[in-house]
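Beneath this line is the structure, given in structure tokens, with notes to follow.
The values are calculated or read from the model by the stated rules, or taken from the named source; none is laboratory data. Model, not experiment: these values are computed from the prediction. A quick note on method: Cβ atoms are made from the backbone with ideal geometry, for glycine too, and the neighbour counts reach across all protein chains shown. Note: areas computed on protein heavy atoms with side chains; ligands, DNA, RNA excluded. Shrake-Rupley method; radii C 1.70, N 1.55, O 1.52, S 1.80 Å.
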Amino acid sequence: MRVECEMDNELWGRLKNELVRDIGHNNFVNWIEPLELSESEAGTVTFLVATNFMGDWVQRNFGDKILHLFKSHNHPVKRVNFSVPAVVKPSAPRTQKPAARTNAFGDDTSVPGAPLDPRFTFERFVVGKPNELAHAAARRVAEGNEVTFNPLFLYGGVGLGKTHLMHAIAHELQTMRSDLRVVYLSAEQFMYRFIQALRDKQMMDFKQMFRSVDVLMVDDVQFIAGKDSTQEEFFHTFNALVDQNKQIIISADRAPGEIKDLEERIKSRLQSGLVVDLHPTDYELRLGILQQKVDLHRGQYGNLTIADGVLEFLAHRISNNVRVLEGALMRLFAFASLVGKEITLDLAQDCLADILREADRKVTIEEIQRKVSEHYNIRLSDLIGPRRVRTIARPRQVAMYLAKQLTARSLPEIGRRFGGRDHTTVMHGVRKIEELKGTDSQIAEDIELLRRALEA
Ligand code: ADP
Ligand code: MG
């Protein structure tokens, strides 16, 4: 038995190396590293975890992967199991002390912040219409003066610059207001630290640590929706800091009211400060960002030349998130420097064929109208036409809402495509659906279904 277990341990060590490549460093550190291989018997491999919650999470997210890995190494396992040790000795020495992390200030007072990306500064943030409000609010908070809105809630789709802005605030405070204790971390990390504190019976320390910061930033807060005890703790931390007039900055991929499985009181607290959204990028902003990247990387790739019109082409054709746009440009640079060629339109089209194809698969208003009328079983002409009976008006509002959400079209433009309606009508429709989504589960479900069908 003993020998077998040692072998399993050795195998587990190797499997972990494969896992980290597969699921990424963060997931690995948060979820896999804390696992303790306990026994393998009768086809079941058992790991010890700190809490049931953690066990469930790992089972749901990585259970199959782990099982599959064992099997692929000819291990006779049939299932993997994550369980909390039955008896935990109250004074058992901790096997592993959580490593002290440097916080945004680079000291190691064990405030559990995450490292900052040195590139995410205000200097490198290109401001345009879609993000000017968010940028202005971030700048204001970065002055570190008296707190005027709390929290600052930044939201927007993937790759629109939320994390960049938060890091920029931290960098700025770091240099200008080094007296302030600033902590930046993702909601996922917040949860992990919380669980760790529970496991290690360090809740007092945990609470004290978070309640002693001056500026707390939590990124991607939608992550803690539905995670009850983490939400609860987050809420208490939040309240304690607000009560002390400390600044809180939150980001999420959607507005507070739209985050599912988030407690009402938390939603309303999140809404009580300044809520600003980062809109999808427009052509000018994309071009500005590309231009900036070219300037920054000039030199790094030798004297690359870019033919006229290439940046415009990219800004025009790749309209989704900035990360994709940056990735495209970097690939172009790398490729051109390898083959020592000027970056021309032809080269760009060849080299970026996959990204361009992907970007072409955008949802159109016509598609939305077609899907919505099919879904509600009404005629397309009615959906666009003037009739105002509820059975038609409601689907029309749903379609307008989806057009706003899934396309980059402006309200006036959407209005035009819906039989020449005014932009205020569209706005009213969008608001109405936003409201109903929270109260009418049928509508919420319809929208979810339609969204999935459209994005498939
Ligand atoms: P989010 O957190 O909203 O998903 P990020 O902040 O991670 O997005 O941004 C994705 C990438 O795009 C980052 O590399 C970031 O530097 C870049 N980026 C986003 N917006 C801008 C901008 N306005 N100016 C310069 N770079 C930007
Ligand atoms: Mg982010």
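Residue by residue through segment 167-179, note down the ones that are open to solvent by less than 30 Å² (accessible area, probe 1.4 Å) and touching a helix residue (DSSP H, G or I) at 6+ places or on another chain (Cβ under 9 Å). Within segment 167-179, Ala168, Ile169, Ala170, Leu173 qualify. Just name the residue that is farthest from Asn145 (Cα to Cα) out of those in segment 220-229 that are within 16 Å of ligand 1 (Cβ to nearest atom) and open to solvent by 30 Å² or more (accessible area, probe 1.4 Å). Among them, the one singled out is Phe223. Regarding Met217, is this residue within 11 Å of ligand 2 (Cβ to nearest atom), open to solvent by less than 20 Å² (accessible area, probe 1.4 Å), assigned by TED's automatic domain parsing to the domain that holds Arg265 and under 21 Å from the mean Cα position of the chain (by Cα)? Against the criterion (within 11 Å of ligand 2 (Cβ to nearest atom), open to solvent by less than 20 Å² (accessible area, probe 1.4 Å), assigned by TED's automatic domain parsing to the domain that holds Arg265 and under 21 Å from the mean Cα position of the chain (by Cα)), Met217 does not qualify.
Of the residues screened, Val158 is one that is open to solvent by 20 Å² or more (accessible area, probe 1.4 Å), of a type in the set (A, V, I, L, M), touching a residue at least 60 places away in the same chain (Cβ under 8 Å) and within 16 Å of ligand 2 (Cβ to nearest atom). Of all the listed residues (Ala408, Ala328), the sole one being touching a residue at least 12 places away in the same chain (Cβ under 8 Å), assigned to a helix (DSSP H, G or I), among the small types (Gly, Ala, Ser) and under 30 Å from Arg254 (Cα atoms) is Ala328. The set of residues from segment 230-253 being closer than 12 Å to Pro151 by Cβ, within 16 Å of ligand 1 (Cβ to nearest atom) and not hydroxyl-bearing (Ser, Thr, Tyr) comprises Ile249, Ile250, Ala252.
In the set (1) assigned to a loop (DSSP other than H, G, I, E, B); (2) in contact with a Lys or Arg (Cβ under 8 Å, 6 or more places away or on another chain); (3) under 14 Å from Ile249 (Cα atoms), the condition left unmet by Val158 is number (3).
Based on what the data block shows, is Ile392 β-branched (Val, Ile, Thr), without any contact (Cβ under 8 Å) to a residue 60 or more places away in the chain, buried (at least 17 other Cβ atoms within 10 Å of the Cβ) and more than 30 Å from Gly340 (Cα to Cα)? Spelling it out, Ile392 is indeed β-branched (Val, Ile, Thr), without any contact (Cβ under 8 Å) to a residue 60 or more places away in the chain, buried (at least 17 other Cβ atoms within 10 Å of the Cβ) and more than 30 Å from Gly340 (Cα to Cα). Across segment 282-321, the qualifying residues are those that are out of contact with any helix residue (DSSP H, G or I) (no Cβ under 8 Å at 6 or more places or on another chain) and open to solvent by less than 50 Å² (accessible area, probe 1.4 Å), and the one among them that is farthest from Lys362 (Cα to Cα) is Gln292. Within segment 118-155, the residues that satisfy the criterion of being more than 8 Å from ligand 1 (Cβ to nearest atom), in a loop (DSSP other than H, G, I, E, B) and open to solvent by 20 Å² or more (accessible area, probe 1.4 Å) are Pro118, Thr121, Glu123, Glu143, Asn145, Glu146, Val147, Thr148, Phe149, Asn150.
Thr281 falls short on exactly one of the conditions (1) part of a helix (DSSP H, G or I); (2) within 30 Å of Ala348 (Cβ to Cβ), and that condition is (1). Each residue in segment 156-191 was checked for being within 14 Å of ligand 1 (Cβ to nearest atom) and not charged (D, E, K, R), and 19 pass.
Screening segment 398-425 for residues that are over 28 Å from the mean Cα position of the chain (by Cα) and open to solvent by less than 30 Å² (accessible area, probe 1.4 Å) and picking the one that is farthest from Gln369 (Cα to Cα) gives Gly415. With the structure loaded, tell me whether Gln202 is within 16 Å of ligand 1 (Cβ to nearest atom), assigned by TED's automatic domain parsing to the domain that holds Leu154 and open to solvent by 10 Å² or more (accessible area, probe 1.4 Å) or whether it fails that test. No: the conditions fail for Gln202.
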